[in-house]
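Q: One structure follows; several queries about it will come next.
The values are calculated or read from the model by the stated rules, or taken from the named source; none is laboratory data. Remember, predicted model here, so these are calculated numbers, not experimental data. Counting neighbours? That spans all protein chains shown, and the Cβs are built from the backbone with ideal geometry, glycine included.
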Amino acid sequence: MTNIIQTDSITKVQNSLVTSVTKQVPTLTYTAVTGSEISYEPEKNSTWVVYDIQFTIHSRASAHVGIYGALVYEDSGSDVAFEYRFTGDAYNDGGYLIRYKFLIPSYTGERTWKFMSKYHYGTNWSQDLHEDEDGNQYFPITTMYSIM
Amino acid sequence: MSYLIKNKSNVSNVQAQKASSISTQSGTSSYQDLDSSDITYNCDSAAVKVVYEYTANFVYSGSSGVGQAKLVQYNTGTSAWEDVSSSHYVSWGFSTTSSNPRCNNTFKFVIDSWTGNKQLKLQWKVVSGGLTAHSSNGIFDLSNTLDASYLIKPFLVIYSIN
């Protein structure tokens, strides 16, 4: 058998699909962001894997934004953090289209990935997910792919 | 049995690089290089465009911060760095006092293809307030323990579009 796979390319693109979305209210401990979970096995001989997520947030109390995020994968039933992110501002009543992109060294086998978030201390530093200031709701978009 | 996996993608010659270790970079009013943004890239022979995507974290120093970044290329004729074009600039942040901006940005630039190697990198400066690159301003780990010195490694992905 001969397999010819083009190198130096992006391949095995996979996305998370959610069919409905509602406002998600984070807590002071990490919880998974709706639509962030993907079970992904990299293409054989790939060098990197990209995890790319975007979702809408707005300041819950019309004050500040302070969203902590962690990209995690499941290993033997436990969540393992790959990297963390933090986006915040003060006194802006901010609304954001958050986009976090992660470059992950390729690995063998399938891993289940998800992006988890929590808010900063105090509800003035919290935010609602998937919703804008006017209550309009937006789907999150999560994509993974392999770089050969 | 033989089979060919036919790649119908028009994306090719994808290269990625990421800092293995990182220190913070304090922004100034003068342009400086962003870590891990420097690459020598040879387009795919059929390329029409090249996409340069750099991801990094920036946090305020003081109480506000607005940054500006530009894509530059090395001119082997003049042996000097030059702007790719006036349309390859980006800006981000907040200038209001106590706005405390902290953000993770992916800067995406699309460039016409070229022949041979070209060296590209991203330069940045502060235009208002203060900013520090690659700092997180502190994160909480999964156990809810604060890591005040957590750094976020920047990375670059570049590819050709045929």
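Q: Out of region B:105-135, which residues are over 16 Å from the mean Cα position of the chain (by Cα), polar (S, T, N, Q) and either within 12 Å of chain A (Cβ to nearest Cβ) or more than 24 Å from B:Val48 (Cα to Cα) (or both)?
A: B:Ser128
Q: Right, another one. What tally of residues in region A:53-107 results from selecting those that are away from every other protein chain (no Cβ under 11 Å), closer than 14 Å to A:Trp125 by Cβ and assigned to a strand (DSSP E or B)?
A: Count: 3.
Q: Hey, among A:Lys12, A:Lys118, A:Lys23, which residue is under 24 Å from B:Cys103 (Cβ atoms), surrounded by fewer than 22 Cβ atoms within 10 Å (Cβ to Cβ), within 12 Å of chain B (Cβ to nearest Cβ) and over 11 Å from the mean Cα position of the chain (by Cα)? Give the steps one after another, and end with the answer.
A: Numbers: A:Lys12 fails: under 24 Å from B:Cys103 (Cβ atoms); A:Lys23 fails: within 12 Å of chain B (Cβ to nearest Cβ).
On inspection, the qualifying residue turns out to be A:Lys118.
Q: Just to be sure before I move on: is A:Lys44 surrounded by 15 or more Cβ atoms within 10 Å (Cβ to Cβ) and either outside any strand (DSSP E or B) or facing chain B (nearest Cβ under 8 Å) (or both) in the structure I sent?
A: Details: surrounded by 15 or more Cβ atoms within 10 Å (Cβ to Cβ): no; either outside any strand (DSSP E or B) or facing chain B (nearest Cβ under 8 Å) (or both): yes.
The answer is no for A:Lys44.
Q: I'm checking my understanding of the structure. Among residues of region A:71-89 that are closer than 17 Å to A:Val49 by Cα and of a type in the set (Ser, Thr, Tyr), which one is surrounded by the most Cβ atoms within 10 Å (Cβ to Cβ)?
A: Going through region A:71-89, the residues closer than 17 Å to A:Val49 by Cα turn out to be A:71-74, A:80-84.
With the extra rule that they be of a type in the set (Ser, Thr, Tyr), the set shrinks to A:73, A:84.
On the way: A:Tyr73: 20, A:Tyr84: 22.
The extreme case among them is A:Tyr84.
Q: Among the candidates B:Ile152, B:Ile139, single out the residue that is under 19 Å from A:Tyr68 (Cβ atoms), touching a His at 6+ places or on another chain (Cβ under 7 Å), within 11 Å of chain A (Cβ to nearest Cβ) and among the β-branched types (Val, Ile, Thr). Lay out the reasoning, then the answer.
A: Numbers: B:Ile139 fails: touching a His at 6+ places or on another chain (Cβ under 7 Å).
That would be B:Ile152, the only listed residue that is under 19 Å from A:Tyr68 (Cβ atoms), touching a His at 6+ places or on another chain (Cβ under 7 Å), within 11 Å of chain A (Cβ to nearest Cβ) and among the β-branched types (Val, Ile, Thr).
Q: Still on this structure: Restricting the search to region B:91-107, which residues are surrounded by 16 or more Cβ atoms within 10 Å (Cβ to Cβ) and either free of Cβ contacts under 8 Å to residues at least 12 places away in the same chain or not in a loop (DSSP other than H, G, I, E, B) (or both)?
A: Hits for region B:91-107 are B:Trp92, B:Gly93, B:Phe94, B:Arg102, B:Cys103, B:Asn104, B:Asn105, B:Phe107.
Q: Condition first: surrounded by 16 or more Cβ atoms within 10 Å (Cβ to Cβ) and either modelled with pLDDT of 95 or more or part of a strand (DSSP E or B) (or both). Now tell me which residues in region B:39-50 satisfy that.
A: Passing the criteria: B:Ile39, B:Tyr41, B:Val50.
Q: Among the candidates A:Arg99, A:Arg85, which residue alone is touching a residue at least 24 places away in the same chain (Cβ under 8 Å) and closer than 24 Å to B:Ser99 by Cβ? Can you show your working first?
A: Values: A:Arg85 fails: touching a residue at least 24 places away in the same chain (Cβ under 8 Å).
When all the criteria are applied, what remains is A:Arg99.
Q: Can you find even one residue in region B:125-135 that is without any contact (Cβ under 8 Å) to a residue 40 or more places away in the chain and in contact with an Asp or Glu (Cβ under 8 Å, 6 or more places away or on another chain)? Full working, then the answer.
A: Taking region B:125-135 first, the residues without any contact (Cβ under 8 Å) to a residue 40 or more places away in the chain are none.
No, there is no match, as no residue in region B:125-135 is without any contact (Cβ under 8 Å) to a residue 40 or more places away in the chain and in contact with an Asp or Glu (Cβ under 8 Å, 6 or more places away or on another chain).
Q: Being out of contact with any Lys or Arg (no Cβ under 7 Å at 6 or more places or on another chain) and charged (D, E, K, R) narrows it down to one residue among A:Glu43, A:Glu83, A:Glu37; which is it? I'd like the intermediate steps shown before the answer.
A: Numbers: A:Glu43 fails: out of contact with any Lys or Arg (no Cβ under 7 Å at 6 or more places or on another chain); A:Glu37 fails: out of contact with any Lys or Arg (no Cβ under 7 Å at 6 or more places or on another chain).
Step by step, each of A:Glu43, A:Glu83, A:Glu37 is checked, and only A:Glu83 is out of contact with any Lys or Arg (no Cβ under 7 Å at 6 or more places or on another chain) and charged (D, E, K, R).
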